[in-house]
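The values are calculated or read from the model by the stated rules, or taken from the named source; none is laboratory data. In this text, all values refer to a predicted model and were calculated from it rather than measured experimentally. Cβ coordinates were reconstructed from backbone atoms using ideal geometry, including for glycine residues, and neighbour counts include every protein chain displayed. Surface areas here come from the heavy atoms of the whole protein model, side chains and all, with no ligands, DNA or RNA. Shrake-Rupley method; radii C 1.70, N 1.55, O 1.52, S 1.80 Å.
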Amino acid sequence: MASVFLVVFVNGKICKDRNTVSANDFFFLGLNMPGNTSNPLGSKVTPVNVNQLPGLNTFGISLARIDYAPYGLNLPHTHPRATEVLVVMEGTLYVGFVTLNPADPNVKNKLFTKTLYPGDVFVFPEGLIHFRFNVGKTNAVVFAGLSSQNPGVITIANAVFESDPPINIDVLTKAFQVDANVIKYLQGQFWWNID
Ligand SMILES: *[C@@H]1O[C@H](CO)[C@@H](O)[C@H](O)[C@H]1NC(C)=O
């Protein structure tokens, strides 16, 4: 007799039995500790989403601490499932996001940027490509809230130039209007992941 197995992939976590839930399921510690920024980008994201804090499951909210060495960068990336709002605690950050493609092909995607200082709050709308750059001579620290328990992240350079297997070089050569050697060079780089 033939059996049919259906495998359902749910974008989320299974809820725990309420009788086994404890206070620790709603608890995370250590966000007072700076992340280690000794990497090529000079930045470190410490996420507190459903993967670190199970009690966030289904609640549509999460948190992150991001540390920056001087000139540290969060390279252009997007969260497919979350808007992100941040507050700067220390340092000076140049931040920005780019709007989606306008309906009119003659109008360009619009860049919004701001230089932020301690106490400043900035919001990156859901799904838009954004970046943050420490333009100060000191470390910078931000705390960010995200409107998903599992925001997801797509780092543009990594996704385009370091996919596994690589995107066909003819596709990227035509897409970026450059010589194939430029694409080979970019595909040969090590793309540091931001978290
Ligand atoms: C920070 O990361 C670097 C590179 O991985 C490592 O050598 C160093 O020991 C780390 N520092 C701390 C305090 O963990």
Inset, instruction - Would you kindly state how much longer the chain becomes between residue 99 and residue 138 on full extension, computed as 0.36 nm times their sequence separation minus their alpha carbon distance, in nm to one decimal? - result: 11.0 nm
Inset, instruction - For residue 83 and residue 61, compute 0.36 nm times the residue count separating them, minus their Cα-Cα distance, and round to one decimal in nm. - result: 6.9 nm
Inset, instruction - Would you mind working out the magnitude of the charge dipole of region 78-195 relative to its Cα centre, with +1 at each Lys and Arg C-beta and -1 at each Asp and Glu C-beta, to the nearest 20 Debye? - result: 260 debye
Inset, instruction - Could you tell me the largest-minus-smallest coordinate of the C-alpha atoms of the chain on each of the three principal axes, in descending order and whole angstroms? - result: 62, 60, 37
Inset, instruction - Would you check the accessible area of residue 179, probe 1.4 Å, heavy atoms only, in square angstrom rounded to 10? - result: 90 Å²
Legend entry - Computed [θ] at 222 nm, deg cm²/dmol, the chain (DSSP H ≥ 4; -39,500 (n - 2.57); rounded to nearest 500): -3000 deg cm²/dmol
Legend entry - Of all accessible heavy-atom area on the chain, the percent that carbon and sulfur account for (1.4 Å): 61 percent
Inset, instruction - Find out how many positive minus negative residues lie around residue 186, taking Lys and Arg as positive, Asp and Glu as negative, among other residues whose Cβ is under 14 Å from that of residue 186. - result: -1
Legend entry - Average accessible area per residue (Å²) across the chain - probe 1.4 Å, nucleic acids and ligands excluded: 63 Å²
